[in-house]
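Below is one structure; the comments refer to it alone.
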Amino acid sequence: MGPIRNWLDLPPRERWLLCKTAVLLAAVRGALWVFPYSFTRQFVTRASRRSARLADRPVDVRKIAWAVDTASHRVPLTAHCLTQALAAQILLTRRGYPAKIHFGVLRESKAELMAHAWVEVEGTVVIGGADVDERYIKLDP
């Protein structure tokens, strides 16, 4: 099956979630390109305010993670972990989930510094890989 057929086979609610996620990923990526991280972080904080309207229509955490992962492969230049983590934090916190972004560096990197960002909800990694605790040294407290 091709991507168009897969798209058409999705329920309308999932198609809408993918569209919103793709636009959000592009906006976050654009903000990271144009503005300093501190400004982008403020944008994400403001955009992450809980929405009673969205919280009343819950979306499973795994479905949001799926939407971020799927859309990040379709939107040009948005695949890196920081863009995904920031977008996921917005989508999750607006729906009332306590999403937290973490940063870390690769434990075994001898040649160069390799950084990574991921999102946890109540201690469970939802964006950024399940093995981050073994592979990365967490930089935030």
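Just so you know, all these numbers are worked out from the coordinates, no wet-lab data involved. This structure is a prediction, so every number in the text was calculated from the model and none was measured. FYI the Cβ positions are ideal-geometry reconstructions off the backbone, even for glycines, and counts take in every protein chain you see.
Derived scalar couplings between HN and Hα for segment 25-41 equal 4, 5, 5, 5, 4, x, 4, 5, 6, 8, 10, x, 4, 4, 5, 4, 4 Hz in order, rounded to whole Hz, by the Karplus curve 6.51 cos²θ - 1.76 cosθ + 1.60 (θ = phi - 60°), x for Gly and Pro.
Cβ crowding within 10 Å ranks L86, L77 as L77, L86, fewest other Cβ atoms first. Once the Cα-Cα distance is subtracted from the 0.36 nm per residue extended length, the Q42 to C19 segment shows a gain of 5.9 nm. Near the amide H of Y97, within less than 5 Å, lie no amide hydrogens of residues on another chain or at least 5 residues away, with H placed in the peptide plane. Neighbour counts of C-beta atoms inside 10 Å place V28, V132 in the sequence V132, V28, starting with the fewest. The ratio of the alpha-carbon radius of gyration of segment 12-138 to the globular-protein estimate 2.2 N^0.38 Å is 1.04.
Computed from phi, the 3J(HN,Hα) profile of segment 96-103 under the Karplus parametrisation 6.51, -1.76, 1.60 (θ = phi - 60°) reads x, 7, x, 7, 10, 8, 10, 10 Hz, with x in place of Gly and Pro. The angle between the Cα long axis of helix 81-94 and the longest principal axis of the Cα atoms of the chain comes to about 50 degrees, rounded to the nearest 10.
Considering only A85, V132, A117, and ranking their Cα positions along the charge dipole of segment 72-141 that arises from unit charges at the beta-carbon of Lys, Arg, Asp and Glu, the one farthest toward the positive end is A85.
Take every pair of alpha-carbon atoms less than 8 Å apart whose residues are at least six positions apart; their mean separation over the length of segment 12-138 yields a relative contact order of 25 percent. Of all the stretches in the chain, which is the longest one without any exposed loop site, taking GluC sites (Glu not before Pro) in a DSSP loop (any state but H, G, I, E, B) with at most 13 other Cβ atoms within 10 Å? Within the chain, the longest run free of exposed GluC sites (Glu not before Pro) spans 1-107.
Magnitude of the charge dipole for the chain, about its Cα centre and with charges confined to Cβ atoms of Lys, Arg (+1) and Asp, Glu (-1), is about 660 debye.
A helix-only calculation puts the chain at -16000 deg cm²/dmol for mean residue ellipticity at 222 nm, using -39500 (n - 2.57) for each DSSP H run of at least four residues, averaged over all residues. Taking label positions 7 Å along the Cα-Cβ direction at both R50 and R62, the computed distance is 2.5 nm, reported to one decimal. Going from the fewest other Cβ atoms within 10 Å to the most, the residues V125, V68 appear in the order V125, V68. The count of lysine pairs in the chain whose Cα atoms are under 24 Å apart, excluding pairs fewer than 8 places apart on the same chain, comes to 5. Loop-resident trypsin sites (Lys or Arg not before Pro) (DSSP state other than H, G, I, E or B) in segment 52-141 with no more than 15 further Cβ atoms inside 10 Å of their Cβ: R74, R107, K110.
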